[in-house]
Amino acid sequence: MFSFSNLFLQLSQGIDLAFVAIVVSSTTATIFACMVFLTWKNIRENTKATYSQLLRGFHEDLTNRLNKNSVLKTTEDCERYANDYLNTVDEIAFLYINGKIPHGIVMYLKRFFAYGLSIIEWYNNMIGEDFKKIAKVNWPNYFLYCEKHEINLDPEDKLPKIMRDYNQLKDKT
């Protein structure tokens, strides 16, 4: 007559303790490897989502600043617009230089950095002196990033009309 208890007893007598240890440790190692893989995959997905949120946030902030150009009426408005814009790209450069955001995000925003150079040129014309020296003190991370990545003034970048007509703007104030 067949019995499960007899079968178990026969099997347990023939199984070596070392074999059981190998089976248990192999199973544990397999489970550990699966857990490491799943954790790595989850971290990778979370990192992608975080980078996407960062990029979307930076892009939105810079675009919103650019859209404010329609409300510029005075020299002070233009200076505030320029300062806010340069502060924002300086903050992004600071985060990049300190390893807080990946290179790809900052490279995507490269055109915004070039636009900042147009703003510096506007300041040079508006003030009538070399504003770049003052700007390097005020926005050091921005300039460090631009120099390191060879960001140049883009002739396609156009400042708001009111800023381009800075002589008329100065006469209004």
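The values are calculated or read from the model by the stated rules, or taken from the named source; none is laboratory data. Here the structure is a predicted model, which means the values were calculated and not measured. For neighbour counting, all protein chains shown are included, and Cβ atoms are generated from backbone atoms with ideal geometry for every residue, glycine included.
Whether any residue in the stretch 30-48 is within 23 Å of Ser118 (Cα to Cα), more than 23 Å from the chain's Cα centre (by Cα) and small (Gly, Ala, Ser) is what I want to check. No; the residues of the stretch 30-48 include none that is within 23 Å of Ser118 (Cα to Cα), more than 23 Å from the chain's Cα centre (by Cα) and small (Gly, Ala, Ser). Exactly one residue among Arg65, Arg44, Arg56 is touching a helix residue (DSSP H, G or I) at 6+ places or on another chain (Cβ under 7 Å) and either under 30 Å from Tyr96 (Cα atoms) or modelled with pLDDT of 75 or more (or both), and that residue is Arg65.
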